[in-house]
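Below you'll find the structure, written out as C-alpha cells, and then a few comments.
Readers should treat all values here as calculations from the given coordinates under stated rules, not as data from a laboratory. Since the structure is predicted, the reported quantities are computational estimates derived from the model, not experimental observations. Positions of Cβ are generated from backbone atoms using ideal geometry, with glycine treated the same way; all protein chains shown enter the neighbour counts.
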Amino acid sequence: MSKHPSNAQNTKRRLLKWAGFIFVGLLIYFGNKTLQTHLGHQALQQIEFDVLDLNVALAKAEAHEKLVLADMSAIWCPTCRKLDKTIFANQDVNKMIEEHFVFARVEYESEQGKAFMQKYRVAGFPVLLVLDGEGKKLTRLPLTFESDEFIGNLEAILAMR
C-alpha cells in the first residue's frame, strides 16, 4: 500500500479547501451586509420628517404644490447612511424639507428602485433628484455632507421656481 495520497484524494482535499474559502468569504460578505443593513435602519430612525414611497410622495407633492426630493439609496450603503446622519438628521435640513418638499426614499434593490434607475437614467447611490408632482426630473443634486451647502442647493432650486 502506497503512503502517498492518490490523485483522487488530492483533488478531494483541494475541493474541500476551496469550499472552505468560499464558505468563509460568503459568511464575511453576508455578515457585513447584515451589519450594514442594521446600521442603515438605525440611521433612518434619526430622520424626523416623513419618508414616503415615491408614488405617495408624487401624489402628495402634486396635491400640496411642492417638489419631491427623491433619494435613491441602499439600506446597507455606508455613504447613504452618512447622508442620513449628516444631512437628513440635521434640524435645519429637516425644516427646509418639511416646508418646501415631499421626501421620497427609493430603495436601490426594490422593483421601484430598478424602475427609478431606468426612468431617470441613474446608476449607483445615493442619488438625489428633485422632481415635480408629475414625476418630471428638474435636477440632480450634488452629493454633499455639509448641511449649509445642501440647504443652499435646495434654496437655489426654489429660487428658480
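Near residue 139, the amide H atoms lying under 5 Å from its own belong to 130; only residues 5 or more places off or on other chains count, and H is placed 1.01 Å from N. When the C-alpha to C-alpha distance is required to be over 22 Å, the pairs from 95/119; 66/137; 82/119; 66/95 that qualify are 95/119; 82/119. In this Cβ point-charge picture (+1 for Lys and Arg, -1 for Asp and Glu), region 44-160 has a dipole of about 460 debye about its Cα centre.
Computed extension length for residue 16-residue 149: 42.5 nm, one decimal, from 0.36 nm per residue of separation with the Cα-Cα distance subtracted. Each of 65, 107, 146 was scored by other Cβ atoms within 10 Å of its Cβ. Listed from fewest to most, they are 65, 146, 107. The modelled label-to-label distance between residue 161 and residue 118, using points 7 Å beyond Cα along the C-beta direction, is 3.0 nm. Under 5 Å from the amide H of residue 67 lie the amide H atoms of 102, each residue being 5 or more positions distant or on a separate chain, with H modelled from the backbone and absent for Pro and chain starts.
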